[in-house]
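Enquirer: Structure provided below as structure tokens; questions to follow.
The values are calculated or read from the model by the stated rules, or taken from the named source; none is laboratory data. The shown structure was predicted, so the numbers you read here are calculated from the model rather than taken from an experiment. Neighbour counts are summed over all protein chains in view; Cβ atoms, including those assigned to glycine, are modelled from backbone coordinates with ideal geometry. Remember, those area values only see protein heavy atoms, side chains included, never the ligands or the DNA or RNA. Shrake-Rupley method; radii C 1.70, N 1.55, O 1.52, S 1.80 Å.
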Amino acid sequence: QVQLVESGGGLVQAGGSLRLSCVASGGAFSLYTMGWFRQAPGKEREFVAAIKYGGTYYADSVKGRFTISRDNAKNTVYLQMDSLNIEDTAVYYCAGKVGGSSLLYDHAYAYWGQGTQVTVSS
């Protein structure tokens, strides 16, 4: 059973930065496509970023501000978030899947973390 545990969320002022981490256990991490999704209050969960086989993908809303990376030796995926704004406030979820297709869609991911809260204040 694959388990994902996120950390690194918190409260930050607009314009600031945070780095989220997600540690995986119980599976072949290096083979997985890993993604980050977020859900703001009253909104549906949305794609943020994904990484597979050295390729990275971003939602337009975060492109140029967020960077996804992974360290397969540590079974960890990261999300560096810079130039944060109030609209980035949400619970951020780490997700994993086998295969590289449909990586923009949350229903394609089999494994999920519990989420970490990111709050951006003005």
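Enquirer: Could you please give the count of residues in the range 37-58 that are surrounded by 15 or more Cβ atoms within 10 Å (Cβ to Cβ) and of a type in the set (G, A, S)?
Expert: Residues meeting the conditions: 2.
Enquirer: Okay, moving on. Looking only at the range 10-38, count every residue that is on the phi < 0 side of the Ramachandran plot and over 11 Å from the mean Cα position of the chain (by Cα) and tell me the total.
Expert: 17
Enquirer: Select from the range 10-36 the residues that are loosely packed, with under 14 Cβ neighbours inside 10 Å and in contact with an Asp or Glu (Cβ under 8 Å, 6 or more places away or on another chain) and list them in ascending order.
Expert: S17
Enquirer: I would also like to ask the following. Scan the range 58-111 for residues that are among the hydroxyl-bearing types (S, T, Y) and without any contact (Cβ under 8 Å) to a residue 40 or more places away in the chain and jot them down.
Expert: Y58, S61, T67, S69, S101, S102
Enquirer: Which of the residues that make up the range 60-98 are aliphatic (A, V, I, L, M), open to solvent by less than 40 Å² (accessible area, probe 1.4 Å) and in contact with a Leu (Cβ under 8 Å, 6 or more places away or on another chain)?
Expert: Answer for the range 60-98, where residues must be aliphatic (A, V, I, L, M), open to solvent by less than 40 Å² (accessible area, probe 1.4 Å) and in contact with a Leu (Cβ under 8 Å, 6 or more places away or on another chain): I68, L79, M81, L84, A95.
Enquirer: Of all the residues that make up the range 89-116, how many are of a type in the set (S, T, N, Q) and at pLDDT below 95?
Expert: Adding up the residues that qualify gives 2.
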